[in-house]
Amino acid sequence: QVQLVESGGGLVQAGGSLRLSCAASGSFYRINDMSWYRQAPGKQRELVASIVSDGSSDYADSVKGRFTISRDNAKNTVYLQMNGLKPEDTAVYYCNAQIRVRIHTAGLDYWGKGTLVTVSS
């Protein structure tokens, strides 16, 4: 049983900052990639940022230079530092983790329930 729990969402003014956290709990062998997705009203869910176990990261073009993804493997937690927020960043942000539950099992995708980020203009 694996659970991902996001936190840190809320209401912020344009130009402000938020830091999202996602902690994995339960029994598993290893967490592989961890990612943040977002879905704005009426739009497709999109990949915002991803990070592999060694710390290498990638970002959507729309957030490059403003968002930073990081992880603390000892805490099984991934973070998304969001600076210079814009109204178009408003969305539900979802944590995703590829987790190998057992040593000989391929990684499976797990999702958090999402945390709402609202950026006012």
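Summary of computed values
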| quantity | calculated |
| --- | --- |
| Residue match in the range 22-35 (condition: in contact (Cβ under 8 Å) with a residue 12 or more places away in the chain and closer than 19 Å to residue 119 by Cα) | no |
| Single residue of the range 102-121 satisfying the filter (modelled with pLDDT of 95 or more and part of a loop (DSSP other than H, G, I, E, B)) that is most open to solvent (accessible area, probe 1.4 Å) | 113 |
| Tally of residues being farther than 20 Å from residue 76 by Cβ and part of a strand (DSSP E or B) across the range 1-32 | 5 |
| Unmet criterion (only one of (1) at pLDDT below 95; (2) among the small types (Gly, Ala, Ser); (3) part of a strand (DSSP E or B)) for residue 49 | (1) |
| Neighbours by Cβ (under 6 Å, 6+ apart or cross-chain): first from the range 50-69, over 18 Å from residue 30 (Cβ atoms); second at pLDDT below 95 and not basic (Lys, Arg) | none |
| Residue list for the range 59-83, restricted to those being open to solvent by 30 Å² or more (accessible area, probe 1.4 Å) and not in a strand (DSSP E or B) | 61, 62, 64, 65, 66, 73, 74, 75, 76, 83 |
| Some residue of the range 53-69 being closer than 24 Å to residue 12 by Cβ, modelled with pLDDT under 95 and either basic (Lys, Arg) or over 11 Å from the mean Cα position of the chain (by Cα) (or both) | no |
| Scan of the range 84-101 for residues that are outside any strand (DSSP E or B) and modelled with pLDDT under 95, ordered by number | 101 |
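The values are calculated or read from the model by the stated rules, or taken from the named source; none is laboratory data. Just so it is clear, the model here is predicted, and its values are computed rather than measured. Virtual Cβ from ideal backbone geometry, glycine too; neighbours counted across all protein chains shown. Ligands, DNA and RNA are stripped out before the accessible areas are found, and what is left, the full protein with its side chains, is counted by its heavy atoms. Shrake-Rupley method; radii C 1.70, N 1.55, O 1.52, S 1.80 Å.
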